[in-house]
1. Show that you can apply the helix-only estimate: for the chain, add -39,500 (n - 2.57) for every DSSP H stretch of four or more residues, divide by all residues, and state [θ] at 222 nm to the nearest 500.
2. Hey, can you find the accessible area per residue of the range 146-259 for me, probe 1.4 Å, expressed in square angstrom?
3. I want to check a number: in the range 27-159, how many lysine pairs have alpha carbons closer than 20 Å, given a sequence separation of 8 or more or different chains?
4. Within the range 144-259, how many Lys pairs sit with Cα atoms under 28 Å apart, leaving out pairs fewer than 8 places apart on the same chain?
5. If you take every DSSP beta bridge whose two residues both sit in the range 48-207, what share of them, in percent to the nearest 5, is antiparallel?
6. Measure out, as a whole number of angstrom, how far apart the alpha-carbon centroids of the range 83-124 and the range 142-181 sit.
7. Given the options Gly93, Gly246, Gly189, state which has the largest fluctuation in a GNM of the chain using a 10 Å cut-off (strictly under) for Cα springs.
8. From the C-alpha gyration tensor of the chain, pull out the three semi-axes of the equivalent ellipsoid (sqrt of 5λ each), sorted largest to smallest, in whole Å.
Amino acid sequence: MDDQLKIGHYTFNSRLIVGTGKYSSFEEMVRAHEASGAELVTVAIARVNLNNVGEKTMLDYIDRKRFTILPNTAGAYTVEDAIRIARLARAAGIGNLVKLEVIGDKKTLLPDVVALLEATKILVKEGFVVMPYTNDDPIIAKKLEEAGAACVMPLAAPIGSGRGIQNRLNIKFIQEAVSVPVIVDAGVGTASDASICMELGADGVLMNTAIAGAKDPVLMAEAMKEAVSAGRKAFLAGRIPMKEYGSASSPQEGLALKH
């Protein structure tokens with residue numbers, strides 16, 4: 001079955017995207033990445049020292065033959081900062097794929113969608129494959145698609161909150177509003193959250209804290225791999241409709257029992 005995740009001209013077999021922050025060591029991060037089965041790994045470029053040639057950085061712990069690096073603009077609070085970080089990543093030879101973040105509030109870490117839309121338009125014109133992190137709002141999702149975004153990445157809940165999807169209906173509305181992939185980003189806490197995202201029809205899930213912050217990140221990465229796969233299969237299989245009353249698993253016709 002050809003069930004690959006396609007973002008712009010990129011194609012991935014795994015629908016799980018993982019991050020690189022908050023691990024106790026780079027070695028633990030490497031083991032978690034391998035256990036996750038992910039092929040796309042996001043890196044906060046603003047937190048990587050790209051100036052000191054010869055100095056080992058996080059990027060050196062990511063096998064570029066096995067993983068595609070997805071630079072993100074974490075830490076950007078303005079259009080200018082987000083664009084600068086994206087350009088820096090491309091100049092460093094990482095590529096034209098970018099997870100675009102423009103944060104609007106330091107407490108909630110919710111996106112500034114006005115700035116996000118403006119930055120998307122600029123980066124698309126510059127040839128970037130833009131993956132914007134946005135609110136779970138179908139209106140802005142549609143506008144981002146019209147601006148040329150390769151996908152939309154609505155939050156399930158605030159970054160790092162681990163609360164799971166707070167508004168399933170909005171995720172459904174976003175799926176109906178756009179034709180590009182919908183990748184749920186931020187707020188996943190455990191495997192069941194990831195599975196629910198996929199069961200709802202999301203094209204993928206991105207997470208970092210849920211894995212890196214677990215007591216056993218490597219085991220949690222493996223659990224997330226299985227959850228995303230199971231959720232996707234359940235979505236494709238088509239669940240039974242919900243009913244208010246019980247329905248016998250076996251046909252009742254012809255039974256000799258009397259009530």
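The values are calculated or read from the model by the stated rules, or taken from the named source; none is laboratory data. Just so you know, these numbers come straight off a predicted model, no measurement behind them. Virtual Cβ from ideal backbone geometry, glycine too; neighbours counted across all protein chains shown. Only protein heavy atoms, including side chains, enter the accessible area calculation; ligands, DNA and RNA are left aside. Shrake-Rupley method; radii C 1.70, N 1.55, O 1.52, S 1.80 Å.
1. Values: 8 runs with 90 residues, N = 259.
The per-residue figure over the chain is -10500 deg cm²/dmol.
2. So the range 146-259 comes to 56 Å² accessible per residue, rounded to a whole number.
3. Counting lysine pairs in the range 27-159 gives 9.
4. Close lysine pairs found across the range 144-259: 8.
5. Working: 1 of 12 bridges.
Percent antiparallel among DSSP bridges in the range 48-207 is about 10.
6. So the two Cα centres are separated by 16 Å.
7. Most flexible of the set in this elastic network: Gly246.
8. Semi-axes (√(5λ), whole Å): 36, 22, 16.
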